[in-house]
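Quick notes on the structure that follows.
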Amino acid sequence: GENVEQHPSTLSVQEGDSAVIKCTYSDSASNYFPWYKQELGKRPQLIIDIRSNVGEKKDQRIAVTLNKTAKHFSLHITETQPEDSAVYFCAASRMNTGFQKLVFGTGTRLLVSP
Amino acid sequence: NAGVTQTPKFQVLKTGQSMTLQCAQDMNHNSMYWYRQDPGMGLRLIYYSASEGTTDKGEVPNGYNVSRLNKREFSLRLESAAPSQTSVYFCASSEKGSGGYTFGSGTRLTVV
């Protein structure tokens, strides 16, 4: 089955700096890669996703890149702000016609200091 | 527009007790999922229901059972709770082909 590894486990940056979180996956048939943000005590929320027919996707200050050959994908956050502090999870799945089973990484705790 | 609703939010059980976690979604999604979240281990899939009338095991199904009662509701049952089942449980749903889950607010379960 799919296995997703995520690094680093913790990341501390100064406000305004960029942050990069990296994930690797094992199943070459995986074709859907979402990222979730979880604030303390809250539910995970989808912030951006990418499908395997696309190499990069941007949404304001966040972007995700995908390298299918190397089987890794990354989340990039630019101009970080204190409200970006949270735990971020990557995930991977095969997007079947009916449903998807997401396999999650172990999470990255991002701390943005003012 | 409630999304995915889970009950209860908190629960303390004694070892050996049973309980059912409830989950309901009002988005007409076909697929529903139960995950558990433990420190340092991310979210792990317990059971899922690809569509109404079907259920399948995920990565960590031992000690749990599920029921897809109808399209809206998907419950998770612990028949004989163990301390190893202390965790935060999340229910989620997704629509066919759309990508991404909508999560419920979670149930924090402690088994003593």
Comparing B:Gln22, B:Gln85, B:Gln11, which has the greatest mean-square fluctuation in the GNM of chain B with Cα pairs linked when under 10 Å apart? B:Gln11
So what's chain A giving for Cα Rg divided by 2.2 N^0.38 Å, two decimals? 1.03
Write down, largest first, the equivalent ellipsoid semi-axes of chain B in whole Å, where each equals the square root of 5 times an eigenvalue of the alpha-carbon gyration tensor. 23, 14, 13
In chain A, if the dipole is taken from +1 on Lys/Arg beta carbons and -1 on Asp/Glu beta carbons about the Cα centre, which of A:Leu111, A:Asn53, A:His7 is farthest to the positive end? A:Asn53
Any idea of A:Ile48's accessible area? Nearest 10 Å², probe 1.4 Å. 10
Inter-chain shielding metric for B:91-100, i.e. average beta-carbon neighbours from other chains within 10 angstrom, reads 5
Accessible carbon and sulfur surface of chain A relative to its total accessible area, %, 1.4 Å: 46
Among the trypsin sites (Lys or Arg not before Pro) in segment A:14-50, which ones are in a DSSP loop with at most 13 other Cβ atoms within 10 Å of the Cβ? Mind listing them? A:Lys42
Taking the full set of protein chains and a 1.4 angstrom probe, give the accessible area of A:Thr65 in square angstrom, rounded to the nearest 10. 40
Accessible surface, the protein assembly as shown, averaged per residue in Å² (probe 1.4 Å): 48
Residue-wise HN-Hα coupling along segment A:99-114, computed from phi with Karplus coefficients 6.51, -1.76, 1.60 (Hz; x: Gly, Pro): 6, 9, 10, 7, 10, 9, x, 7, x, 10, 8, 9, 10, 10, 9, x
B:Arg72, B:Arg44, reordered so the largest accessible area comes first (probe 1.4 Å): B:Arg72, B:Arg44
Assigned charges on the beta-carbon of Lys, Arg, Asp, Glu; segment B:1-110 dipole about Cα centre (debye): 180
Dipole of chain A, Cα-centred, from +1 at each Lys and Arg C-beta and -1 at each Asp and Glu C-beta, to the nearest 20 debye? 400
Report, as a whole number in µm² per second, the diffusion coefficient that Stokes-Einstein gives for the protein assembly as shown at 4 °C and 1.567 mPa s using the Kirkwood radius over alpha carbon pairs. 72
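Need one number: buried accessible surface between chains A and B, 1.4 Å probe, both sides summed, DNA, RNA and ligands left out, in Å² to 100.
Result for this pair: about 1700 Å² buried.
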Selection from A:Gly41, A:Thr78, A:Tyr25 lying farthest towards where the dipole of segment A:12-95 points positive, charges on Cβ: A:Tyr25
Using 0.36 nm per residue, how much length does the chain from B:Lys57 to B:Met27 gain when fully extended, once their Cα-Cα distance is taken away? 8.4 nm
Expressed in square angstrom to the nearest 10, the accessible area of A:Thr69 with a 1.4 Å probe stands at 130
Please compute the length gained on full extension between B:Lys96 and B:Val112, using 0.36 nm multiplied by the number of residues separating them and subtracting their Cα-Cα distance. 1.8 nm
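The values are calculated or read from the model by the stated rules, or taken from the named source; none is laboratory data. Worth saying up front: this structure is predicted, and the values here are computed from it rather than measured. Here Cβ is always computed from backbone atoms with ideal geometry, including for glycine, and neighbour counts include all displayed protein chains. Keep in mind that these areas ignore ligands, DNA and RNA; they rest on the heavy atoms of the full protein, side chains included. Shrake-Rupley method; radii C 1.70, N 1.55, O 1.52, S 1.80 Å.
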